[in-house]
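Visitor: Shown below is the structure under consideration.
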Amino acid sequence: MIAIIGGTGDEGLGLAMRFAAAGEAVVIGSRSHERAAAAAEKVRQAVPDARVEGAENPEAVRRAETVIIAVPYSGQRDTVTALKDLIGTKLTINIVVPMEFGQGGARAVAVEEGSAAEQTKAILGPDSRLVSAFHNLSSHELMAVGKPLDCDVLVCGGDTESRKQVLDLAARLPGCRGIDAGPLRNSRYIEDITVLLVGINRRYKTQSGVRIVGLSQD
């Protein structure tokens with residue numbers, strides 16, 4: 001089962017829909033059970049045969065083998081700290097982008113640890129299985145469940161087996177390809193690309209993504 005912490009937001013909700021459509025069991029986590037249950041119902045409306053439930057964050061983590069952190073960056077530190085012991089060594093995927101909106105549009109927020117993913121790793125500790133991925137997928141496109149996603153998923157960090165599991169998860173989303181993007185420190189570049197894409201999408205009124213060309217994968 002996949003727990004999506006912050007699954008009531010657009011990005012987390014879109015991923016919940018896509019993973020449910022791919023046959024994965026999903027539990028949407030929120031600080032409010034009512035909001036989690038309402039989000040689960042939205043997933044069922046988009047994917048009628050979805051195996052999806054809603055729960056408060058601690059219960060969602062307890063029930064899952066894989067945990068996706070999809071909260072706003074402003075709430076990441078407190079959320080991850082509160083769930084640290086429950087997460088333990090479960091496969092954890094951070095999709096958080098540190099950005100804020102103001103005059104001129106979106107801009108990246110500086111993170112002392114280097115990236116949102118590196119901050120999460122510092123909180124969870126050296127034994128955690130923290131992987132960074134799924135940043136550059138448009139929430140609008142994710143929620144269009146019947147339409148393939150024309151985007152690569154850049155995967156950073158974790159041990160070899162953890163990265164492989166996330167690459168395999170990415171491949172389960174139609175139109176997606178997982179790309180091994182190296183160590184966790186590279187997540188800062190991927191997070192910043194997401195901020196750039198938000199600006200491009202606003203300027204061109206589109207839903208752009210990332211494709212890496214020139215690779216041959218078996």
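Visitor: Quote the relative contact order of the chain in percent (integer), defining contacts as alpha-carbon pairs under 8 Å separated by 6+ residues.
Guide: Relative CO of the chain lands at 18 percent.
Visitor: Note down the magnitude of the dipole of the chain about its Cα centre, charges +1 on Lys and Arg C-beta and -1 on Asp and Glu C-beta and zero elsewhere, to the nearest 20 debye.
Guide: Result for the chain is approximately 400 debye, rounded to the nearest 20.
Visitor: In Å, the Kirkwood hydrodynamic radius of segment 105-218 over pairs of distinct alpha carbons?
Guide: 14.9 Å
Visitor: Scan the chain and note any complete DSSP helix (H) whose C-alpha atoms cover at least 30 Å along its axis and whose Kyte-Doolittle average is 0.0 or more.
Guide: Qualifying helices: none.
Visitor: Would you mind telling me the antiparallel percentage of the DSSP bridges in the chain, rounded to 5?
Guide: Of all bridge pairs located within the chain, approximately 20 percent are antiparallel.
Visitor: Find the percent of Cα-Cα distances in segment 2-204 that exceed 32 Å, and round it to a whole number. Display every interim value, and only then the final one.
Guide: Values: 1573 of 20503 pairs.
Beyond 32 Å sits 8 percent of the P(r) for segment 2-204.
Visitor: Order by neighbour count: 216, 74, 138, 115, fewest other Cβ atoms within 10 Å first, most last.
Guide: Placing the least packed residue first, the sequence is 216, 74, 138, 115.
None of the figures in this text is laboratory data; all of them are computed from the coordinates on show. Since the structure is predicted, the reported quantities are computational estimates derived from the model, not experimental observations. A quick note on method: Cβ atoms are made from the backbone with ideal geometry, for glycine too, and the neighbour counts reach across all protein chains shown.
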